[in-house]
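Remarks on the structure that follows.
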Amino acid sequence: MANVIIVGTQWGDEGKGKIVDLLTDKVSLVVRFQGGNNAGHTLVVDGDKFIVHLIPSGILHPRIKCLVGNGVVVDPEVMIMEIENLRARGVKITPANLMLSEKAHLIMPYHKALDLAREGRKGKAKIGTTGRGIGPCYEDKAARNGIRAVDLLDRKTLLAKLRTNLDEKNFVLENYYGVKPLSRARIAREAARWAEFLAPFLGNVVLEIDKAAEKGRHILFEGAQGTHLDLDHGTYPFVTSSNPVAGTVCAGAGLAPGRIDAVIGLVKAYTTRVGAGPFPTELKDKVGRHLGRRGQEFGSTTGRPRRCGWLDAVVLQESRRLNGMDYLAVTKLDVLTGLDQVRICKAYKLDGKRIGHIPADIAAFARCEPVYETLPGWKEDISEAKRIEDLPDAARRYLDRLSELAGVPLGVVSVAPDREKSIILHDPFA
Ligand code: GDP
Ligand code: IMO
Ligand code: MG
């Protein structure tokens with residue numbers, strides 16, 4: 001039995017979906033534990049592409065069950081749409097292979113309206129959120145005003161909570177942000193549809209996990225976002241409103257800490273970031289454009305172009321400290337193919353001093369300049385590599401140096417989007 005957590009070590013979009021889908025073969029449950037449909041996880045099987053936002057990336061494997069934990073914020077509209085879209089493409093989804101925690105908080109239309117209104121008001125200082133209502137929903141959860149999935153089952157309670165929330169939200173939307181208030185009758189009508197559709201999927205995720213663990217089954221926990229978007233440990237305020245770090249499985253899915261067996265840190269072979277916030281290794285030159293073009297770096301959720309730059313080992317070291325990664329899964333190594341030289345940032349220069357950590361003060365982080373190590377590039381197509389020995393020497397040297405600087409051994413190397421295009425050096429479920 002092994003309980004394995006997949007976490008992003010950068011600013012998201014490291015390829016978590018692909019690696020979860022790859023490893024799902026061996027497990028009986030795949031569990032999301034934080035974030036919401038701000039996530040966009042891409043799965044490619046025999047050339048067919050699927051992007052999931054809320055449903056765990058194990059859904060293409062018919063034998064396993066996917067759980068959405070209490071720590072996830074769920075937009076019912078999106079959940080229903082995602083189920084219907086996957087069904088339309090031949091993926092079987094029933095309560096037998098998908099469960100939504102009764103305790104998960106629901107993203108309501110007013111959360112989305114507030115997210116957008118706030119970002120609009122912030123102007124240049126905006127975070128560049130996905131506009132999916134993530135922040136406002138987690139705020140209501142912390143304020144103990146939230147509407148949870150279980151409330152869908154009790155129409156009277158739901159309508160009472162809706163009235164209290166909407167009175168306040170509409171006041172703020174109308175009087176502070178100057179936007180149109182939302183109709184309570186309309187949300188109430190929509191909620192009736194959500195309840196009817198989603199009720200069969202609601203359940204006790206903690207019990208389900210415990211049952212599988214007691215039977216000695218393997219479980220995969222699928223992180224969303226990345227360590228540096230973490231509300232506490234990330235580059236605040238340019239972060240998301242949940243904790244993408246590995247330890248969140250305990251609160252967000254109810255896995256007891258002693259049951260965590262391994263953590264796999266997902267690393268894109270370079271760095272990308274969507275939205276605003278400092279990014280020391282960002283490249284606005286030819287190389288940045290190469291990465292964006294070859295890596296097709298457009299957001300899986302909003303379609304925005306992702307900012308691209310060199311790999312940052314300071315970012316990875318911080319992720320090792322926070323997540324306790326046992327292995328790295330490195331993705332998109334193929335995207336670096338064709339560059340004469342490749343670089344890794346191994347420290348920062350801040351006001352003339354060399355530092356090896358990310359300063360808490362965001363203005364200081366914005367002043368950090370990368371200190372690079374330069375390695376030779378490679379020109380060979382690596383997308384057919386099946387074993388590490390198939391990679392050119394320069395690519396292997398790059399991987400070795402990445403792993404050495406991060407202080408974590410390599411577990412998987414991915415060389416193309418398809419599930420099959422992966423070199424497995426260490427199987428966490430072996
Ligand atoms: P996630 O949010 O961490 O699941 O990552 P996304 O799905 O948002 O972004 C990763 C993108 O890279 C997706 O389009 C994947 O299909 C793609 N991808 C994953 N691994 C590889 C790889 O090794 N090479 C290439 N070229 N693309 C990859
Ligand atoms: P996956 O799981 C990349 C970013 C947004 C924005 C900030 C806050 O696909 O890796 P939010 O809507 O969460 O309040 O936005 O966080 N962000 C992501 N960036 N990948 C993601 O998820 C992200 N989820 C949120 O772009 O900068
Ligand atoms: Mg993504």
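Going through the stretch 285-305 one residue at a time, which ones are surrounded by fewer than 21 Cβ atoms within 10 Å (Cβ to Cβ) and within 13 Å of ligand 2 (Cβ to nearest atom)?
Those that are surrounded by fewer than 21 Cβ atoms within 10 Å (Cβ to Cβ) and within 13 Å of ligand 2 (Cβ to nearest atom): Phe298, Gly299, Ser300, Thr301, Thr302, Gly303, Arg304, Pro305.
Among the residues of the stretch 316-336, how many are within 14 Å of Leu405 (Cα to Cα) and crowded, with 22+ Cβ neighbours inside 10 Å?
So the count comes out to 5.
Among the residues of the stretch 116-130, count how many are near ligand 2 (Cβ under 7 Å from one of its atoms) and surrounded by fewer than 17 Cβ atoms within 10 Å (Cβ to Cβ).
1
Can you go through Glu282, Glu318 and tell me which one is within 16 Å of ligand 2 (Cβ to nearest atom), of a type in the set (Asp, Glu) and not assigned by TED's automatic domain parsing to the domain that holds Lys18?
Going through Glu282, Glu318 in turn, just one is within 16 Å of ligand 2 (Cβ to nearest atom), of a type in the set (Asp, Glu) and not assigned by TED's automatic domain parsing to the domain that holds Lys18: Glu282.
Of these, Ala363, Ala313, Ala347, which one is hydrophobic (A, V, I, L, M, F, W, C), surrounded by fewer than 22 Cβ atoms within 10 Å (Cβ to Cβ) and touching a helix residue (DSSP H, G or I) at 6+ places or on another chain (Cβ under 7 Å)?
Ala347
Anything in the stretch 264-306 that is away from ligand 1 (no atom under 14 Å from the Cβ) and either within 23 Å of Ser422 (Cα to Cα) or under 20 Å from the mean Cα position of the chain (by Cα) (or both)? List them, or say none.
Ala276, Gly277, Pro278, Phe279
When you check Asn38 against the structure, is it polar (S, T, N, Q), away from ligand 3 (no atom under 16 Å from the Cβ) and in the same structural domain as Gly223 (by TED's automatic domain parsing), yes or no?
no
Would you pick out the residues in the stretch 13-33 that are within 15 Å of ligand 1 (Cβ to nearest atom) and small (Gly, Ala, Ser)?
Gly15, Gly17 - these are the residues of the stretch 13-33 that are within 15 Å of ligand 1 (Cβ to nearest atom) and small (Gly, Ala, Ser).
Using beta carbons and a limit of 7 Å, which pairs, at least six apart or on different chains, have the first residue in the stretch 409-430 and touching a residue at least 12 places away in the same chain (Cβ under 8 Å) and closer than 20 Å to Trp378 by Cβ and the second one of a type in the set (Asp, Glu) and buried (at least 17 other Cβ atoms within 10 Å of the Cβ)?
Val415/Asp334; Ala416/Asp334
Restricting attention to the stretch 60-78, which residues are charged (D, E, K, R), under 21 Å from Ser241 (Cα atoms) and not in a loop (DSSP other than H, G, I, E, B)?
Scanning the stretch 60-78 gives a single hit, Glu77.
I'm checking my understanding of the structure. Among residues of the stretch 1-34 that are closer than 30 Å to Leu291 by Cα and small (Gly, Ala, Ser), which one is surrounded by the fewest Cβ atoms within 10 Å (Cβ to Cβ)?
Of everything passing the filter in the stretch 1-34, Gly15 is surrounded by the fewest Cβ atoms within 10 Å (Cβ to Cβ).
Test Ile362 against the criterion of being aliphatic (A, V, I, L, M) and more than 23 Å from Val342 (Cα to Cα), and give yes or no.
In short, yes.
Would you mind stating whether Val68 is under 17 Å from the mean Cα position of the chain (by Cα), in the same structural domain as Asp210 (by TED's automatic domain parsing) and among the hydrophobic types (A, V, I, L, M, F, W, C)?
Answer is yes for this residue.
The values are calculated or read from the model by the stated rules, or taken from the named source; none is laboratory data. Owing to the predicted nature of the structure, the values given are computational and were not obtained by experimental measurement. Don't worry about glycine lacking a Cβ; one is built from the backbone with ideal geometry, like all the others, and counts go over all protein chains shown.
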